[in-house]
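Every number in this text was worked out from the coordinates using simple rules, so none of it is lab data. Remember, it's a predicted structure, so these values are computed and weren't measured experimentally. Note: ideal-geometry Cβ built from the backbone for every residue, glycine included; neighbour counts use all protein chains shown.
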Amino acid sequence: MEDALRRYAANCFLISVTLFAVGCRHDGLSPYSEADEVRLRADESKNLADPRGDLAFMRNIEITGSTVIGDSESKGIALDHWQGKPFSIDRKGGQVVAVSSGSETLLDGKPILTGQTLPDSGATWITNGSLSLHLLKNGERVRFQAFDGKSQPLQSIHAPNFYAPTAAYRIPAEWVPAVREMQYHRTNGGSDIPAHMDGYVQFSLDGKSLRLYGETLPADGKDPAMLFIVFRDQTSTTETYPASRFLYVRDGSREFPKGYKFDSAKPTKLMLDFNQAVNPVCAYNPNTHCPIAPPENRLSVAIPAGEKRYNAE
């Protein structure tokens, strides 16, 4: 730990020299807390075990018209572990209406009635045995997200693997507004997706001045607004997930000055806690697609902090 603290002090000195507006103390920002890192690991383990979480995700089911969901004999969309009669639905404009269903298929624990309009609220679930369907609307797109509490990844779950937390990788940084359009490639044959970067975080590590581009994500009712960074570093070839790692800097968190509301259009001081870097969903579940870190966010230094490869011993 003494070596880690000496390294942290050296990083602070370099930043104070190279980034004039960014002080090592970062007045108003909270210091490193090992309790935060322990809490993150507990949350990650809990999320992985969730029967409607990352490991349980099966597929997206697009609803464009009449759709039948059932087992492999239903001549529709087949889901493993489906029980009983198929579930028939029809899309009418932006609404999804039940046509027929068996007694095994329930809406929030109650039988689904013929002609019933299915709500798309975040708390509403359609269930069938170990399966859960979540209805989502995004503009003209309407789809179910399908989860299976008996999925193979969920049955073979083990605890996520993290580096030991250290203050050396909670690093002072500065947010620099700089709008830039990029493109994410995605894993597992997924299509490319555009990314609107609102700026970059600038910091120093191992004597190098570095930057990582990030996009701001709005609050969604479950999570606060946040700065989202997809990156790789030199550990990606050996110990961490090769495609990318995710770092979330949440509005109202300890990473910003107390009481400060992040505004991506304004420069600001913040902390980057790489101890909180986590794997994308596709590191656990081959049914998912995740963004690969763009070339601009592939660091030339190793950052042995945060979550390691999920299948690493």
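Do the alpha carbons of any pairs in 46/222; 46/269; 258/308 sit beyond 23 Å of each other, and which pairs? It would help to have the intermediate numbers written out before the result.
Numbers: 46/222 16 Å; 46/269 32 Å; 258/308 30 Å.
Over 23 Å Cα-Cα: 46/269; 258/308.
How large is the convex hull of the Cα atoms of the stretch 195-313 per residue, expressed in Å³ as a whole number? List each step's numbers first, then the result.
Values: hull volume 14.5 nm³, N = 119.
Per-residue hull volume (Cα only) is 122 Å³.
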Taking a crude spin-label model, label points 7 Å out from Cα along the C-beta direction, the residue 42 to residue 85 distance in nm is 4.6
Rg/Rh of the stretch 92-219 (Cα atoms, Kirkwood Rh), to two decimals, equals 1.12
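When only DSSP loop residues count, what GluC sites (Glu not before Pro) in the stretch 90-176 have their Cβ near at most 16 other Cβ atoms within 10 Å?
Values: sites: 104, 140, 174; in loops: 104, 140.
Answer in residue order: 104, 140.
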The alpha-carbon pair-distance distribution computed for the chain, with 10 angstrom bins and whole-percent values, is 6, 23, 29, 21, 13, 6, 1
Any residue on another chain or 5+ positions along whose placed amide H is under 5 Å from the amide H of residue 58 is listed here as 146, 147, 148
Rounded to the nearest 10 degrees, the helix 34-49 long axis (Cα) sits at an angle to the longest Cα principal axis of the chain of 20
Counting Lys and Arg as +1 and Asp and Glu as -1 over every other residue whose Cβ sits under 14 Å from the Cβ of residue 199, the net charge comes to -2
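Using only helices, what value at 222 nm comes out for the chain when you add -39,500 (n - 2.57) per DSSP H run of length 4 or more and divide by the total residues, to the nearest 500 deg cm²/dmol? Numbers along the way, then the final one.
Values: 3 runs with 37 residues, N = 313.
Per the formula, -3500 deg cm²/dmol.
Which loop-located trypsin sites (Lys or Arg not before Pro) does the stretch 81-166 contain, where loop means any DSSP state but H, G, I, E or B and the Cβ has at most 13 other Cβ atoms within 10 Å? Provide the component values of the computation, followed by the final result.
On the way: sites: 91, 92, 137, 141, 143, 150; in loops: 150.
Sites meeting the loop and neighbour criteria: 150.
Looking at the chain, what % of its DSSP beta bridges pair antiparallel, to the nearest 5? Write out the running numbers ahead of the final one.
Values: 64 of 67 bridges.
Once the DSSP bridges in the chain are tallied, antiparallel ones form about 95 percent.
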For the chain, longest principal axis from Cα atoms; helix 2-18 axis from its Cα atoms; angle between them, nearest 10 degrees, is 80
